Structures are given as structure tokens and as C-alpha cells.
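What follows is a set of notes on a single structure, which appears directly below.
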Amino acid sequence: MSRLVIVSNRVALPGESRAGGLAVALHAALEETGGMWFGWSGRIDPDRSGNVREQTEGDIRYVTLDLSQQDHDHYYNGFANRTLWPLLHFRVDLADYNRETYAGYRRVNALFAEKLAPLLRDNDLVWIHDYHLIPLAVLLREHGVRCKLGFFLHVPMPSSDLLAALPQHGRLFEGLSAHDLVGFQTGRDLERFQDYVRLFGRGRVIESGVLETGGGRLLHAGAFPISIDTGHIAHLASQSVGKASVKRLADSLSGRSLAIGVDRLDYSKGLPERFRAFERYLERHPGQLGRMTYLQIAPVSRGDVAEYRVLRNELERLAGHINGAHADPDWTPMRYVNRNYPHASLTGFYRLARVGLVTPLRDGMNLVAKEFVAAQDPDDPGVLVLSTFAGAARELEGALIVNPYDLDGVADAIAQAMDMPLAERRERWQGMMSHLQRHDIAAWRRSYLKALRAA
Ligand code: F6P
């Protein structure tokens, strides 16, 4: 059996609870198979990059690197999160093009390759994750690595005309062809990648999923929608009823319904639009006033990046405005919390909620949507309000699918969810839950690794 080696920028070290779907999903995948997880330690070494740390828990060996302040600023805060992140989320207006940060991005990828290459064996399956590490495969090949290399993009693949706005797009995306398999979240992402290869990459699509790249190399590509550990989430949620944090939340609602949103504090998540849509709901549906409390949990993310700080200020202002304008002495319409909560509490919060609000402007998949569904009480399930621009909307057909830019539409969907009869809630939920039982995290890992072995 070949060993699984996962490489990602973010690593969920034992005992850490990380916001974001990638860490949760990869941890679940490695727990099943064992193997090695290689990435950034999450630490800054003031002196230099490249200090290696190792620890083992169960069958998982964690090998992580510290980064210097400058490398972290240029690679993570800079090129990854101020250039690639906005571009890949269709926000060409927010993308910052800077040769210095691009050099830092390449430097850190080269460091990953230098430290990882000696640890690899020829029959390993190496699975590289996300936009931080697009050039890594080329660099590993330059170090003589011969094993199978796969890549998975957790975020959306944008339209090729947008990608072409990146000065380095040719070199960067040509580098993907050093992999044996490139995976995307949805069929639409795969199509947009194929368009890019055809229109800007000087390559051709031999058949869907089999490409010849500009450099003449054969590359396999496919859609592999990421998922959750459905059974585990459902179990956690059913056990959470007695948890103190969940009880406190339930008691604090004084019999009112709960609407919940849980998102990293990120402009791709459409939070200002969601807050405004909630206000619109209060205005358009006066008959429901006072019947619901909206809890938004938004752990701070990438707080050193200017755009994220601006967003945080805007959300604080909006939450204050909405409560100021609509609260009663005994009812606050919305609660806005910047803390991160352990999964065991979050799943309990989801189960309490009548409405789950997942309304990103763009999202590769969005695992909160899937977790919300898996956490529901089968006898009395809540309703998911889901953006059509989340990858999850391609699968979760029982959700109320909304356009997050259409505030009236989101407002009306919240009201519809509040008044939805139990029979309809159950029917919608059952369809989604049985899909998630068949398409869980183990199925995702298996189907990707099977395709990688075959590529
Ligand atoms: O899922 C997309 C993603 O960017 C992951 O790559 C990342 O680990 C996660 O979101 C959370 O972001 P960050 O690691 O920057 O906190």
C-alpha cells in the first residue's frame, strides 16, 4: 500500500481547532488512512524560514515548517491572500499585483520543495492542496521526485478572462501540468479550467478530463466535490444537546427561533450583503418581528490583510446599526460573535437552528452548508438558505437556493424557512441527508485517490 502524504499551507496540529473547511476535511481523510501531513507550522520564526518541527499522533506524522516574518508577509498575506484569493473568487477589483510578493510566494514554495523532497518515497501518493502551493509540483520534480503527485483546488476556478489578468498566469498555471491529476470542486470549475487551458494555455482538451497542456504533457483533471464526515457530525450534534454551551444558547433564545451563520470573516462569504438581507427581512416581514434571533459567528481570519480589516469594521457598523434600529428592550435581532467554537458546540448550535444562512458571493464548496444539514434533528429539521454561488448548491437541492446579491430574495427565503411546514422541511432534509450519507469525506478521498492512482 502506498503512503498518503498531504501537503497544505494550513495544518490542523493535534489539539488545534482551525476555522475553514480544508483543515477539517484533510484531518478526517488522514484519520482514515494514516500518513504524513506537511505544511506551515502556523508559527513565525523571527530569524529565518525553514525550521522543521515533527510530531506524531496515532497514525499521522506531522511535519511542519516555521516561516520568517518577511516570507509570511509576502507569501501568505501577500501573493496568496491579496492576489490569488481575490482573483480566484472573481474579485479582480481587489487583486493586488506585486512582484515582490510573487517572489516571496515562489521562495516559500521552493522551501517546501527543498524540505519535503528528501522525505518522499517513490511509491508515495502525494496530494497537494490549494492555491498557496500551485508551483510546488514543478519544484518537487526538479528535486527528482518521481512519485504520483495530485493537486486539489479548494476554491473556485474563475473564468479564464479573469485569470488572464494575473501577470504571471502563464507560468503559474502551466506548472499544474507537473501533476498527474488536478481536482476541482465542481464540474463548472473543471469546465472553466479546460477553457483556460484551451484559450490561454496553448493546450487542448482531448476529452473532458484529459488535457494536453501547452508544454505537450498529458494531464488528467476532474471534479471531486469535497464533503464532511456525515455520520460523525450527525452523532456529535445528537450528543450536543446536553452540552453547557448549547443549553445556554437554547435558554437565551426564550422560545424564539434561531437563524445561524458560521463563516470565516472573509469578503467572499457575503457577510455585509447577508446582514443587509436580514435587515430587509425585518422590514419586509413585520408579521415575524420578534420571532427570530440571528446569530452570526465569524472568527477573524487573515487579520493582517487590509481588506479583511476594512470588512471587520463594516460588519461591526452594520450589526450595530441593525440592532440599534430594530431591537426592543427584550429582544436583540442579531448577535455577532468573532470567536471560533469547537465542532462539538457548533454542531449543537446548528441543530438548534430553524434557519441556516450560507450566502457566499463565491465559494469553492462551503462545508458549513453540509455540516448544517448533517447536524439537524431528523424529526424537526431546520432549513438551509444557500447561495447559488457556493459549490454546495450543485448538490444540496433541498435548500432554498438564493442569489446573495438579491437582498429581497434572501429576505423572503428567510421568511419562507421560518414558516415552512414540518412535512416540507423533512422532505427537503431527507433528500440532502441521504446524498451526504453516500457522498461523505471518505467517498471524496477514495474517489480522488483512485483517480490519482489510475492517472
Ligand atoms: O478552504 C479554503 C482555504 O483558503 C484553505 O486553503 C484555508 O486553509 C482555509 O480556507 C482557511 O484560511 P486560512 O488558512 O488562511 O486561515
Selection from the stretch 234-253 of residues that are surrounded by 17 or more Cβ atoms within 10 Å (Cβ to Cβ) and either assigned by TED's automatic domain parsing to the domain that holds residue 24 or of a type in the set (Lys, Arg) (or both): 243
Applying the selection to the stretch 317-372, what residues are in contact with a His (Cβ under 8 Å, 6 or more places away or on another chain) and of a type in the set (Ser, Thr, Tyr)? none
Hits in the stretch 275-328 (condition: among the hydrophobic types (A, V, I, L, M, F, W, C) and closer than 22 Å to residue 83 by Cα): 300, 305, 306, 310, 311
Being within 21 Å of residue 136 (Cα to Cα) and either away from the ligand (no atom under 13 Å from the Cβ) or not assigned by TED's automatic domain parsing to the domain that holds residue 147 (or both), is that true of even one residue in the stretch 10-27? no
Counting only residues that are among the aliphatic types (A, V, I, L, M) and surrounded by fewer than 15 Cβ atoms within 10 Å (Cβ to Cβ), the stretch 211-233 contains a total of 1
Is the stretch 406-416 home to any residue that is open to solvent by 10 Å² or more (accessible area, probe 1.4 Å) and either more than 23 Å from residue 283 (Cβ to Cβ) or hydroxyl-bearing (Ser, Thr, Tyr) (or both)? no
For the stretch 179-193, enumerate the residues that are surrounded by 22 or more Cβ atoms within 10 Å (Cβ to Cβ) and free of Cβ contacts under 8 Å to residues at least 60 places away in the same chain. 179, 182, 184, 193
Which is under 30 Å from residue 15 (Cα atoms), open to solvent by 20 Å² or more (accessible area, probe 1.4 Å) and either modelled with pLDDT of 95 or more or in contact with a Lys or Arg (Cβ under 7 Å, 6 or more places away or on another chain) (or both), of 338, 323? 338
If you check every pair at least six apart or on different chains, which have Cβ atoms under 8 Å apart with a residue in the stretch 254-283 that is polar (S, T, N, Q) and open to solvent by 10 Å² or more (accessible area, probe 1.4 Å) first and a residue that is in a strand (DSSP E or B) and away from the ligand (no atom under 16 Å from the Cβ) second? 257/292; 257/293; 257/355
Mind checking which residues of the stretch 45-61 are of a type in the set (D, E, K, R) and more than 26 Å from residue 29 (Cα to Cα)? 45, 47, 48
Among the residues of the stretch 61-88, which ones are within 11 Å of the ligand (Cβ to nearest atom) and either touching a Phe, Trp or Tyr at 6+ places or on another chain (Cβ under 8 Å) or small (Gly, Ala, Ser) (or both)? 76, 80, 84, 85, 88
Within the stretch 117-137, residues in contact with a helix residue (DSSP H, G or I) (Cβ under 7 Å, 6 or more places away or on another chain) and more than 16 Å from the ligand (Cβ to nearest atom) come out as 117, 125, 137
Check the stretch 382-396 and report whether any residue there is on the phi < 0 side of the Ramachandran plot, open to solvent by 20 Å² or more (accessible area, probe 1.4 Å) and of a type in the set (Ser, Thr, Tyr). yes
Taking residue 154 as meeting all but one of (1) part of a loop (DSSP other than H, G, I, E, B); (2) more than 25 Å from residue 395 (Cβ to Cβ); (3) open to solvent by 10 Å² or more (accessible area, probe 1.4 Å), write down the number of the exception. (2)
Of all residues in the stretch 204-249, which are more than 27 Å from the chain's Cα centre (by Cα) and free of Cβ contacts under 8 Å to residues at least 24 places away in the same chain? 204, 205, 206, 207, 212, 216, 218, 242, 244, 247, 248
Which condition from (1) surrounded by 21 or more Cβ atoms within 10 Å (Cβ to Cβ); (2) touching a Gly at 6+ places or on another chain (Cβ under 8 Å); (3) not aromatic (Phe, Trp, Tyr) is the one that residue 163 breaks? (2)
Considering only the stretch 11-121, give the strands (runs of 3 or more DSSP E) lying wholly within it that have at least 1 residues that are open to solvent by 40 Å² or more (accessible area, probe 1.4 Å) and among the polar types (S, T, N, Q). 52-57
Identify, from the list 294, 308, 336, the residue that is in contact (Cβ under 8 Å) with a residue 40 or more places away in the chain, more than 16 Å from residue 258 (Cβ to Cβ) and aromatic (Phe, Trp, Tyr). 308
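The values are calculated or read from the model by the stated rules, or taken from the named source; none is laboratory data. All figures in this text were calculated on a predicted structure; none of them were measured in a lab. Backbone-built Cβ (ideal geometry, glycine too); neighbour counts: all protein chains shown. These accessible areas exclude ligands, DNA and RNA; they are computed on the full protein's heavy atoms, side chains included. Shrake-Rupley method; radii C 1.70, N 1.55, O 1.52, S 1.80 Å.
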